[in-house]
Amino acid sequence: MSTQQQIELEEPFVRVDVATAKRMIENGEVQVIDVREPDEYARGHIPGVTLVPLNTLLARPRDFLKRDHVMFVCAVGQRSAVACEMAAAIGLEHIYNLEGGTTAWEKAGFPLET
């Protein structure tokens with residue numbers, strides 16, 4: 001594989017596990033955006049996150065992404081990966097995806113708000 005092909009395959013964001021995410025959130029290192037739908041968010045979300053459903057974010061990313069150092073979360077990590085790609089497309093450089101999403105967060109025994 002050429003260097004160019006390797007670069008193209010590299011994701012423009014960092015995948016983080018729940019323990020790393022929790023530390024980053026507690027240290028105030030990131031803004032956390034939950035890209036799930038309102039009904040999912042209402043059933044339980046990571047404390048302090050901002051809800052911006054994925055379709056809303058994709059339609060108007062610059063309305064919501066005002067700073068770098070953003071972590072995206074969804075249910076399992078797929079929609080948040082799409083959000084990460086959008087953030088990179090508008091020029092953000094420090095972007096994080098919570099692997100396993102809210103599901104992994106809850107399974108790790110970390111708190112959720114309703």
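A few remarks follow.
- Scope region 41-63; condition without any contact (Cβ under 8 Å) to a residue 12 or more places away in the chain, surrounded by fewer than 17 Cβ atoms within 10 Å (Cβ to Cβ) and part of a helix (DSSP H, G or I); matching residues: 55, 56, 59, 63
- Residues that are without any contact (Cβ under 8 Å) to a residue 40 or more places away in the chain and within 16 Å of residue 36 (Cβ to Cβ) within region 83-100 comprise just one, 86.
- If the condition is being more than 15 Å from residue 95 (Cα to Cα) and at pLDDT below 95, then region 1-32 contributes 1, 2, 3, 4, 5, 6, 7, 8, 9.
- Extreme residue, surrounded by the most Cβ atoms within 10 Å (Cβ to Cβ), among residues of region 64-97 that are of a type in the set (D, E, K, R) and touching a Leu at 6+ places or on another chain (Cβ under 7 Å): 79
The values are calculated or read from the model by the stated rules, or taken from the named source; none is laboratory data. Keep in mind that this is a model prediction, so the values were computed, not measured. Note that we place each Cβ from the backbone using ideal geometry, even for glycine, and neighbour counts take in every protein chain shown.
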